[in-house]
Amino acid sequence: MKGFRLTYSILALLFVSGCQMNGSAPDRAPFSMTKLTLEQYCEENTCREDVEILVATAKGEYSMSQLQYWPEVYEGDIIVLPGERLYIEANIDENNNIVDMRAVEKNEHPERTFELFFAQIRGSYGMFFSVRNPLENPVHFDFELTDIEGKEHSVTSCPVRSNRSFLERWPEPAKQITLSNPRILEPNAEIICSS
């Protein structure tokens, strides 16, 4: 029995060694899910520059100043900072999906340019947000607020009717709103909000 165990161990060792020698078990770098840091991303891509954020809080003013910050459109998400009015131009693919979103300086293509505005409500700590939908169908985004401590909160969002604006307010200060997962709805779709 002892000899059987020894023979079995030697055979297993030879099998593993053979796999490594014949290339059937190649060495691979471990798979990493880590995203690029802001600095790494901005080395290769165009980012916002000289960002200043100032919002009132119950404990006083919150301010943030950075030489570089994530671009307006990052990995398919739209990032809007307090005080910004953005024009985001998009294309629609053959499957009726919103693609190729990019920030533009002017609204030169109003039929496919979303207009977004994010600001603090005057005389309040809360935030105000609006998005205008230029398309012929309703469009629904998911919203996420980033508070002044950097915590992200999914908040209720409603579809934006065709050629109309959607307005929303929140009672707490925030330093960023992120819109993700844009989807075009049927022209007569029910306007159902989601959280």
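Distance between the C-alpha centers of region 159-188 and region 28-100? Whole Å please. Using only Cα atoms to place each centre, the spacing works out to 17 Å. Projecting label points 7 angstrom from Cα along Cα→Cβ for S195 and M64 puts them 2.5 nm apart. Taking 0.36 nm per residue of sequence separation and removing the Cα-Cα distance, the N91/H109 pair yields an extension gain of 5.4 nm. Overall, the accessible surface of region 73-184 at a probe of 1.4 angstrom is composed of carbon and sulfur to the extent of 42 percent. A 1.4 Å probe, protein heavy atoms only, puts the accessible area of H153 near 80 Å². Over region 73-184, accessible surface divided per residue gives 51 Å², non-protein components excluded, 1.4 Å probe. Cross-link check: pairs K106/K175; K106/K151; K59/K151; K59/K175 evaluated at a Cα-Cα cut-off of 26 Å; pairs beyond the cut-off: K106/K151.
Please work out how much length the chain gains when fully extended from R164 to D100, using 0.36 nm per residue of separation minus the C-alpha to C-alpha distance, in nm with one decimal.
20.9 nm
Loop-only check: which trypsin sites (Lys or Arg not before Pro) in region 33-73 are DSSP coil with at most 10 other Cβ within 10 angstrom?
Within region 33-73, the qualifying trypsin sites (Lys or Arg not before Pro) (loop, at most 10 other Cβ atoms within 10 Å) are K35, K59.
Remark: accessible surface ordering of S157, S63, S180 (largest first) is S63, S180, S157, probe radius 1.4 Å.
The values are calculated or read from the model by the stated rules, or taken from the named source; none is laboratory data. Keep in mind that what you see is a predicted model, and the values were worked out from it rather than measured. Here Cβ is always computed from backbone atoms with ideal geometry, including for glycine, and neighbour counts include all displayed protein chains. The area values use the complete protein model at the heavy-atom level, side chains included, leaving out ligands, DNA and RNA. Shrake-Rupley method; radii C 1.70, N 1.55, O 1.52, S 1.80 Å.
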